[in-house]
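Enquirer: Sharing a structure here in structure tokens format.
The values are calculated or read from the model by the stated rules, or taken from the named source; none is laboratory data. Not measured: the values here are computed from a predicted model. Here the Cβ positions follow ideal geometry from the backbone for every residue, glycine too, while neighbour counts run over all protein chains shown.
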Amino acid sequence: MTKPTITIEYCPKCGWMLRAAYMAQELLTTFTEDINGVTLKPSEVSGRYTVSVDNMAIFDRKRMERFPEVKELKQLVRDLVAVGKNLGHSDKKTTDLNENNSN
């Protein structure tokens, strides 16, 4: 079975290359043995920031009207490429953290 490739397509005119590189680093660190690699792809479409796994979009900034959180992105990737993988603190829900902080 071939390991999947993640592609982060970003708008270079918007200055989003560093954001894409940071997210690529996070994904490579977390999924070292589960993926083939992460490709950074400068977009020809202004304002684009999409993340795909083997050409299947899992996050689109324009559709979601925001950027993905790293935690969220890791969960989306995990659910496709490493089902059941423990993501440690990235698996904790925000509501769980808020409840613990209110006590």
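Enquirer: Where residues in the range 25-39 are surrounded by 15 or more Cβ atoms within 10 Å (Cβ to Cβ) and in contact with a strand residue (DSSP E or B) (Cβ under 7 Å, 6 or more places away or on another chain), which of them is farthest from residue 88 (Cα to Cα)?
Expert: Checking each candidate, the answer is 38.
Enquirer: Find the residue count for the range 1-39, including only residues that are closer than 17 Å to residue 59 by Cβ and of a type in the set (S, T, N, Q).
Expert: 5
Enquirer: In the range 40-51, what residues are under 18 Å from residue 74 (Cα atoms) and either aliphatic (A, V, I, L, M) or surrounded by fewer than 14 Cβ atoms within 10 Å (Cβ to Cβ) (or both)?
Expert: 40, 51
Enquirer: When only residues in the range 79-100 that are modelled with pLDDT of 70 or more and surrounded by fewer than 10 Cβ atoms within 10 Å (Cβ to Cβ) count, which is farthest from residue 3 (Cα to Cα)?
Expert: My answer is 89.
Enquirer: Do we have residue 22 as over 19 Å from residue 79 (Cα atoms), within 14 Å of the chain's Cα centre (by Cα), modelled with pLDDT of 95 or more and surrounded by 14 or more Cβ atoms within 10 Å (Cβ to Cβ) here?
Expert: Values: over 19 Å from residue 79 (Cα atoms): yes; within 14 Å of the chain's Cα centre (by Cα): yes; modelled with pLDDT of 95 or more: yes; surrounded by 14 or more Cβ atoms within 10 Å (Cβ to Cβ): no.
No; evaluated as a whole, the condition is false for this residue.
Enquirer: I'd like the full set of residues that are among the aliphatic types (A, V, I, L, M) and either out of contact with any strand residue (DSSP E or B) (no Cβ under 9 Å at 6 or more places or on another chain) or modelled with pLDDT under 95 (or both), limited to the range 46-78.
Expert: Result: 56, 64, 70.
A quick yes/no check of all residues on (1) without any contact (Cβ under 8 Å) to a residue 40 or more places away in the chain; (2) assigned to a strand (DSSP E or B); (3) within 10 Å of residue 6 (Cβ to Cβ):
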position: 20; (1), (2), (3): yes, no, no
position: 23; (1), (2), (3): no, no, yes
position: 39; (1), (2), (3): yes, yes, yes
position: 51; (1), (2), (3): no, yes, yes
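Enquirer: Then there's this: I'd like to verify a number: residues in the range 55-75 that are more than 13 Å from the chain's Cα centre (by Cα) and surrounded by 15 or more Cβ atoms within 10 Å (Cβ to Cβ), how many?
Expert: Total satisfying the criteria: 0.
Enquirer: Across the range 1-18, which residue is surrounded by the fewest Cβ atoms within 10 Å (Cβ to Cβ) among those that are at pLDDT 95 or above and part of a loop (DSSP other than H, G, I, E, B)?
Expert: This residue is 15.
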